[in-house]
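Have a look at the structure below before the remarks.
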Amino acid sequence: MLVLIGILIIIAGFLLRFNPLLVIMASALATGLAAGLDIAAIVAAFGKAFNDTRYVSIIWIVLPVIGLLEAYGLQQHARSLIGRIRSGAVGGLLIGYLLIRQIFAALGLTSVAGHPQTVRPLVAPMAEAAAEAQNPALTIAQREEVKAYSAATDNVGLFFGEDIFLAIGSILLMKGVLDGYGYQIEPLHFSLWAIPTAIAAFVIHSFRLWRLDKRMRAPAERGA
């Protein structure tokens, strides 16, 4: 039962709002130690799993590096950079990130960005700083809305961009299912039909981000 201590650490860490990266690493270490492994064996287990099966993404190996960057002020520097750009707009920033995320996902580079390595340490703080530049009197609810839209932008860009890539799991799954029913469809056809959907998703979410920008800007304009 001691090996389940990792689950308790994750629950407690998230409830206490500790750094998620540190919580996950502590949970992994605690689970390994409870199972009778030493530190070297735990690290070796992560490396062997990645090398043998590719089930462990490379991003989980660099999580400690991201944690160190956050500890040394990565978020603060990102906020300061955007804060110095007086013409910056939260909507334009997130639309630009959406475009980059979709293009990278369409090329199969789904791990280049993401919530733990990009949204939390960089995109969300930069979007919040851009919103502050538009309206210095942001409420807590508005700040949380900006963070939520930052996370949603990453989800939309990845979800609708990755289906354009030929070798993505979703396309291979659809091909396998249809093959089982006697429908022979090439993966390229799935990718081509995913392009209009990706474009529609980009336009629709960009409109939502434009409306977010207007909501963040409106209080400052009324007070002017």
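The values are calculated or read from the model by the stated rules, or taken from the named source; none is laboratory data. This one's a predicted model, so the numbers in the text were calculated from it and none came from an experiment. Positions of Cβ are backbone-derived with ideal geometry, glycine not excepted, and every protein chain shown enters the neighbour counts. Just the protein is used for accessible areas: all its heavy atoms, side chains included, with ligands, DNA and RNA removed. Shrake-Rupley method; radii C 1.70, N 1.55, O 1.52, S 1.80 Å.
Descriptive notes on the structure:
- Residues in the range 8-19 that are out of contact with any helix residue (DSSP H, G or I) (no Cβ under 7 Å at 6 or more places or on another chain) and not small (Gly, Ala, Ser): 8, 11, 15, 16, 17, 18.
- Residue match in the range 182-191 (condition: aliphatic (A, V, I, L, M), over 26 Å from residue 131 (Cα atoms) and at pLDDT below 90): yes
- Residue match in the range 206-219 (condition: among the basic types (Lys, Arg) and over 17 Å from residue 95 (Cβ atoms)): no
- Residue selected from the range 11-23 under the condition open to solvent by less than 60 Å² (accessible area, probe 1.4 Å) and without any contact (Cβ under 8 Å) to a residue 60 or more places away in the chain, by the criterion farthest from residue 115 (Cα to Cα): 12
- Lone unmet requirement of (1) assigned to a loop (DSSP other than H, G, I, E, B); (2) surrounded by 16 or more Cβ atoms within 10 Å (Cβ to Cβ); (3) touching a residue at least 60 places away in the same chain (Cβ under 8 Å); (4) not aromatic (Phe, Trp, Tyr) for residue 131: (1)
- Residue that is over 29 Å from residue 91 (Cβ atoms) and of a type in the set (S, T, N, Q), where the choices are 134, 184, 142: 184
- Qualifying residue in the range 149-156 (condition: open to solvent by less than 70 Å² (accessible area, probe 1.4 Å), assigned to a helix (DSSP H, G or I), touching a residue at least 12 places away in the same chain (Cβ under 8 Å) and in contact with a Leu (Cβ under 6 Å, 6 or more places away or on another chain)): yes
- Restricting the first member to the range 24-39 and to residues that are over 9 Å from residue 9 (Cβ atoms), and the second to residues that are among the charged types (D, E, K, R), the beta-carbon pairs closer than 9 Å and six or more apart or on different chains are 32/38.
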